[in-house]
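Note sheet for the following structure.
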Amino acid sequence: MKYHYSPQPTEKISLQVESSPVWEVILGIAGYTHVQLRHTFDFDEEWTFSQQSMSESLIESLKLIEKTNFWYSLIMLQNELSSLTVEDFVNQLHDIPVEKFYGILLPYKNRETESMRRETAARHNNPELFEEYAAHFDDHDYLGEYIRNLSQYSHQELCELFSSVLNKWYNWVSQQEKWEKWMQALNFEEKRYQSLDVSNPMEEIEHITGGVKYQIEPSIWTVKLIPHISYRPWILEKRSCDTKLFFYPLKEELLLEPGVPPRDLVRSYKALGDELRLKLLYQLLRGPLSLQELSAQFNINKTTLHHQLSLLKAARLIKVDKGIYSGNPIEIDVLYERLTQYLRFNDEEIL
């Protein structure tokens, strides 16, 4: 038997760097309401200090976002809309058909459950379908409860909440002294990567994000790289049914005034400035250990231990993979070099 083979052009993923004030507003809300990790965020102290300048209605809205994890909805909606301003987001939000609206908000699980996800979106007035779909995420930290929370609010209530919290946070954060400089830096970051090498997307992703090693996934056709400031120092990874999202911290040299130390440098030395954390780092550099093993070895409860490890992880001094912690010798090796580079001065400065 003979075959006539006529190959089609190989389809490549779309890779883009995308930035806007809307993304920064959403990531600020996400970071502020992330209670478990908030102590590791660059702006935790500043947020706490500045709460007095927030309106009561903004604080109440943030509490609701914290309770429901609806920051995830905001990310999924902006991924769909790519709005350039909060006003655009609000206007476009109300134009989304209801079935599509829930299709955007409901998280993707896998091919096997995709028909259930679509049916739940189509029959969004049926709470039993939300419960059935949520059960597939019960092994996830928050998505199961997030789906159940969606069923507790009407479409109109969700739109009003999303519009309200975005407007309130934007009105508050845009009054901050650094906001305009942030927007200029983020816009510069987007423009510098307008032309990307899609023939080597994995190398480009690693280069731009500062270390994300991504393997192409089935059904993913678009990868968005979104620089941020408000969610520093973390890289946040999310996906829809066809798009992968990496939110990466903007390099701090784009934001600093002369003589101001980089936050990651301060964070690293703060993480080292504690006897227990130094002991943990010492052990993890000698071999990977689980939280259970560390808890037994140091005779410390897991909650306290997790808090200390999160500070080391935020400083990139340790890594965690599938619940196993290990030291990051590369980061430690360059730490002193980065301190020396910051403190070094030349003859002109002496004079």
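The values are calculated or read from the model by the stated rules, or taken from the named source; none is laboratory data. What you are looking at is a predicted structure, and each value in this text was computed from that prediction instead of being measured. Cβ placement follows ideal geometry from the backbone for every residue including glycine, while neighbour counts extend to all protein chains displayed. For accessibility, only protein heavy atoms count, side chains too; no ligands or nucleic acids. Shrake-Rupley method; radii C 1.70, N 1.55, O 1.52, S 1.80 Å.
Looking only at region 228-245, how many residues end up being in a loop (DSSP other than H, G, I, E, B) and in contact (Cβ under 8 Å) with a residue 24 or more places away in the chain? Write out each step before concluding.
The initial filter retains those residues of region 228-245 that are in a loop (DSSP other than H, G, I, E, B), namely 229-235, 240-242.
Still in the list and also in contact (Cβ under 8 Å) with a residue 24 or more places away in the chain: 229-235, 240-241.
Total satisfying the criteria: 9.
Among SER73, SER115, which is the only one that is closer than 20 Å to GLN152 by Cα, part of a helix (DSSP H, G or I), among the hydroxyl-bearing types (Ser, Thr, Tyr) and modelled with pLDDT of 95 or more?
SER73
Give region 109-123 a look and list any residue that's in contact with a helix residue (DSSP H, G or I) (Cβ under 7 Å, 6 or more places away or on another chain) and either under 18 Å from LEU74 (Cβ atoms) or among the acidic types (Asp, Glu) (or both), or say none.
Quick first cut of region 109-123, residues in contact with a helix residue (DSSP H, G or I) (Cβ under 7 Å, 6 or more places away or on another chain) only: 109, 113, 116-123.
Once the filter is applied, which keeps residues that are in contact with a helix residue (DSSP H, G or I) (Cβ under 7 Å, 6 or more places away or on another chain) and either under 18 Å from LEU74 (Cβ atoms) or among the acidic types (Asp, Glu) (or both), region 109-123 yields GLU119, ALA121.
Mind checking whether some residue in region 130-150 is open to solvent by 90 Å² or more (accessible area, probe 1.4 Å), at pLDDT below 95 and not in a loop (DSSP other than H, G, I, E, B)?
The answer is no, given that none of the residues of region 130-150 is open to solvent by 90 Å² or more (accessible area, probe 1.4 Å), at pLDDT below 95 and not in a loop (DSSP other than H, G, I, E, B).
Okay, residues lined up against (1) within 30 Å of GLU180 (Cβ to Cβ); (2) among the small types (Gly, Ala, Ser):
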position	(1), (2)
SER82	yes, yes
THR85	yes, no
ARG111	no, no
ALA121	no, yes
ASP141	no, no
GLU160	yes, no
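One line per residue, one yes/no per condition, for (1) within 21 Å of SER240 (Cα to Cα); (2) aromatic (Phe, Trp, Tyr); (3) surrounded by fewer than 20 Cβ atoms within 10 Å (Cβ to Cβ):
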| site | (1), (2), (3) |
| --- | --- |
| THR33 | no, no, no |
| THR48 | no, no, yes |
| GLN51 | no, no, yes |
| ASN69 | yes, no, yes |
| LEU106 | yes, no, no |
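Taking TYR325 as the residue in question, decide whether it is within 27 Å of the chain's Cα centre (by Cα) and of a type in the set (Phe, Trp, Tyr).
Criteria met by TYR325.
Answer yes or no as to whether ASN126 is open to solvent by less than 50 Å² (accessible area, probe 1.4 Å), out of contact with any helix residue (DSSP H, G or I) (no Cβ under 7 Å at 6 or more places or on another chain) and either under 28 Å from GLN51 (Cα atoms) or not acidic (Asp, Glu) (or both).
The answer is yes for ASN126.
Can you tell me which residue in region 300-347 is most open to solvent (accessible area, probe 1.4 Å), limited to those that are part of a helix (DSSP H, G or I) and of a type in the set (Ser, Thr, Tyr)?
Going residue by residue through region 300-347, those that are part of a helix (DSSP H, G or I) are 302-314, 329-343, 347.
Subsequent filtering for residues that are of a type in the set (Ser, Thr, Tyr) retains 303-304, 310, 336, 340, 342.
Values: THR303: 113, THR304: 58, SER310: 8, TYR336: 158, THR340: 43, TYR342: 82 Å².
This residue is TYR336.
Can you report the number of residues in region 179-192 which are in contact (Cβ under 8 Å) with a residue 40 or more places away in the chain and either closer than 27 Å to TYR72 by Cβ or touching a Gly at 6+ places or on another chain (Cβ under 8 Å) (or both)?
The total comes to 7.
What are the residues in region 193-227 that are assigned to a helix (DSSP H, G or I), open to solvent by 20 Å² or more (accessible area, probe 1.4 Å) and without any contact (Cβ under 8 Å) to a residue 40 or more places away in the chain, if any?
Of everything in region 193-227, those that are assigned to a helix (DSSP H, G or I), open to solvent by 20 Å² or more (accessible area, probe 1.4 Å) and without any contact (Cβ under 8 Å) to a residue 40 or more places away in the chain turn out to be MET202, GLU203, GLU206, HIS207.
Does SER290 qualify as being surrounded by 15 or more Cβ atoms within 10 Å (Cβ to Cβ) and over 27 Å from PRO249 (Cα atoms)?
The answer is no for SER290.
Looking only at region 250-287, how many residues end up being at pLDDT 85 or above and in a loop (DSSP other than H, G, I, E, B)?
Within region 250-287, residues that are at pLDDT 85 or above and in a loop (DSSP other than H, G, I, E, B) number 6.
Among the residues in region 247-256, are any hydrophobic (A, V, I, L, M, F, W, C) and surrounded by fewer than 17 Cβ atoms within 10 Å (Cβ to Cβ)?
Checking region 247-256: at least one residue is hydrophobic (A, V, I, L, M, F, W, C) and surrounded by fewer than 17 Cβ atoms within 10 Å (Cβ to Cβ).
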